[in-house]
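Encoded as structure tokens, the structure appears first; notes follow it.
Where a number appears in this text, it was derived from the coordinates with a stated rule and is not lab data. Source: prediction; values computed, not measured. So basically every Cβ, Gly included, is an ideal-geometry build from the backbone, and we count neighbours across all protein chains shown.
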Amino acid sequence: MLRSTLAVALIALTPAVLAQEATAPAAESAAETLKRVNAPLPPAQAAMKAHVLFLASDAMRGRDAGTQEYDIAAQYVASQYYAAGLRPAGDGGSYLQQVPLLSFRPADKGTVTATRGDTSVTLEFGEDYLPAGNPEAASTLIDAGVVFAGYGIVAPQYQRDDYRGVDAKGKVVAFFAGAPGGFDGEERAHFGSNANKAAIAAKKGAAGVIILETPTSARVRPFSRLTDSWDEWRMTWADAEGNGHLPAKGTPTLASLSMAGAAKLFARDKGWAAAVKAVAAGKPQVKPFASAATLAVALKTERKTVMSSNVAGIIPGSDPALKDEVVVLTAHLDHVGTGKADAKGDTIYNGAMDNAMGIASLIEEAKRFRDSGKPPRRSVMFLAVTAEEKGLIGADYFAHNPTVPKGKIVANVNLDMPVITYEFEDMIAFGAARSTLGETVARATATVGVGVGQDPMPEQGFFVRSDHYRFVQQGIPSVFLWPGMAGVGKEAFSRFLGTRYHRPSDEIGNPEIKWDQGVRFIEANYAIAREIADADQRPAWKKGDFFGTLYDGYGAK
């Protein structure tokens, strides 16, 4: 799961949970760990564990997208698809869909110069601005007028247009990072996305965008601290010409500006002081204005392409009227590779729970379809995607370049980091209330004796932060499933976040793993997929739902 998705959740850990890490019992010996890990289990549990044993082994070195170890993991998944009776659904009759990943970063510090009349001010790197890389071009030169657009949000259903009264065509659009209050958690996460804001600016004809520090973030985290990561590699996928895909094609993000840098840019613009005052006071609306300044930006971007792959297998549908419709089940195969050593000197981030467990669930779910002896009425695709940890890249590539007709994909069910260290008493289905999939999930979870719980962290907006969101953006009803937080669930989940999430300790040796709960998780997911595949009617968005309407989804209008 994306590193940024749980950062705020970690802050919310209770002192009691944090104390558990400090007071953990003495570590068992390597021999004791090996004995426990290799202890016999009932067949269904052993089958699930076997996949995790391989995928989260040290030999896979964290399955970082674009590495040889990831490619080996992809071949393993393909072999398991074959054993489960799935037909290849990748490129050229294979199980693999090749995904060209493009890594990019600023090649130098660039220059950012604000001009007002005869006066020019060159902004200072690290104090006033940090450059962004442009995956679409090795060299970026823009000299244009500037429009300030508040938070950069356009939301007709909220009677909100942060561009009202200004013309952004051919201009550089500046907007504050984040989103104000007044939206629900999922919608706020959508509106707060810089990529989504850039896409809005592109529709307005903007030449580029710059992201502004807010008064709040300036107090909480000094802008200068961001200089530690300004030239880190980012990732997207490459088009047929080798250029990086952007949601805002032709409208690159140029730079981030600190409050000090923005003050230099908007000096003597009457609207700026009022905008800062409004945001500092927590007001949701900020008045846009056209600046009297122009901005000249010169950037160079270093780019390199590496190949990775999604792994796709399919069970053809049996109903002549429904077989061309496809239910897509997803889980990400990649993790974060290797990194900083822990206290034991371990540098391999194995990713057992995140997300070898999801992949194991996907494979075993495929076997349940096979073993049922009853082919589904609709076709069911099992899709292991790459580069989720880099920004949902493999899922985005598939969503734009599906190996089945896009218009025939009727639903997506996503499995990402099921934490199975406790006996779960409910399940969480992010996005369930937005479509008829909610009713399906409720019936399916009842088959394993649990209900559907509430989103425990609505402020995190998880619905837009895992691979299913790329299907949502294509108008496809989608849900993202987790074991729930009822009973001991919240404490156990928090303990995982605090001691193992994106750390070397997320490995098969975790003594808290309960494989019987993994089997329950698989059974619930199979029931969900089976009902979707066999139902008379395809899933539909609830009428008027925000995401369904925004992306022109079936049933929303």
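Just a few scattered comments:
- Unit charges at the beta carbon, dipole of the stretch 423-528: most positive-side option, Trp482, Phe424, Phe471: Phe471
- For Ala30 and Thr122, a Förster radius of 45 Å and the Cβ-Cβ distance give a FRET efficiency of 0.20, rounded to the nearest 0.05.
- When only alpha carbons of the stretch 210-338 are considered, Rg and Dmax amount to 22.5, 69 Å.
- Look at Lys169, Lys109 and count the other Cβ atoms within 10 Å of each Cβ; fewest to most, that gives Lys169, Lys109.
- Model label sites at Asp228 and Gln45, defined 7 Å from Cα along the beta-carbon direction, differ in position by 4.2 nm.
- For the chain, the residue among Ala89, Pro252, Ser435 whose Cα projects farthest onto the positive side of the dipole built from Cβ charges is Pro252.
- Relative to the Cα centre, the charge distribution of the stretch 406-557, modelled as +1 at Lys and Arg Cβ and -1 at Asp and Glu Cβ, gives a dipole magnitude of about 520 debye.
- Positive-pole candidate from Leu141, Ala395, Pro458, dipole of the chain, charges at beta carbon: Leu141
- Global dimensions of the stretch 337-423 from alpha-carbon coordinates: Rg and Dmax equal 16.5, 52 Å.
- Estimated distance in nm for a label pair at Ser217 and Ala281, the labels positioned 7 Å out from Cα along Cα-to-Cβ: 2.3 nm
- Note: relative contact order over the chain, using C-alpha pairs below 8 Å and six or more positions apart, is 21 percent.
- Counting only DSSP beta bridges whose two residues both lie in the stretch 104-304, roughly 70 percent are antiparallel.
- Here is how the number arises for the chain: DSSP H runs of 4 or more residues each give -39500 (n - 2.57), the sum is divided by the residue count, and the result at 222 nm is -8500 deg cm²/dmol.
- If the chain linking Tyr158 and Glu241 were pulled fully straight, counting 0.36 nm for each residue of separation and taking away their Cα-Cα distance, it would gain 26.0 nm.
- Panel order for Glu531, Glu241, by other beta carbons found within 10 Å of each beta carbon, from fewest to most: Glu241, Glu531.
- The Cα center of the stretch 334-371 and the Cα center of the stretch 125-204 differ in position by 36 Å.
- In terms of its C-alpha gyration tensor, the stretch 104-304 comes out rounded, because the ratio a/c of the largest to the smallest axis stays below 1.5.
- Compared with the alpha-carbon gap, the fully stretched path from Ala296 to Asp91 is longer by 69.4 nm at 0.36 nm per residue.
- Förster radius 30 Å - calculated FRET efficiency between Glu512 and Ala59 (Cβ-Cβ, nearest 0.05): 0.80
- Derived scalar couplings between HN and Hα for the stretch 476-487 equal 9, x, 8, 9, 10, 10, 9, x, x, 10, 5, x Hz in order, rounded to whole Hz, by the Karplus curve 6.51 cos²θ - 1.76 cosθ + 1.60 (θ = phi - 60°), x for Gly and Pro.
- Debye log10 I(q)/I(0) at q = 0.10, 0.11 Å⁻¹ for the chain, Cα point scatterers: -0.86, -1.03
- This ranking places Lys249, Lys171 by how few other beta-carbon atoms lie within 10 Å of each, fewest first, which gives Lys249, Lys171.
- A simple spin-label model places pseudo-atoms 7 Å from Cα toward Cβ; at Asp184 and Gln68 they are separated by 4.9 nm.
- Put a plus charge on the Cβ of each Lys and Arg, a minus charge on the Cβ of each Asp and Glu, and nothing anywhere else: the dipole of the chain about its Cα centre is then about 1240 debye.
- Other-chain or far-sequence residues with amide H under 5 Å of Gly391's (modelled H): none
- In this structure, the amide hydrogen of Asn414, modeled 1.01 Å from its nitrogen in the peptide plane, lies closer than 5 angstrom to those of Thr330, Val479, Phe480, Leu481, counting only residues at least 5 positions away or on a different chain.
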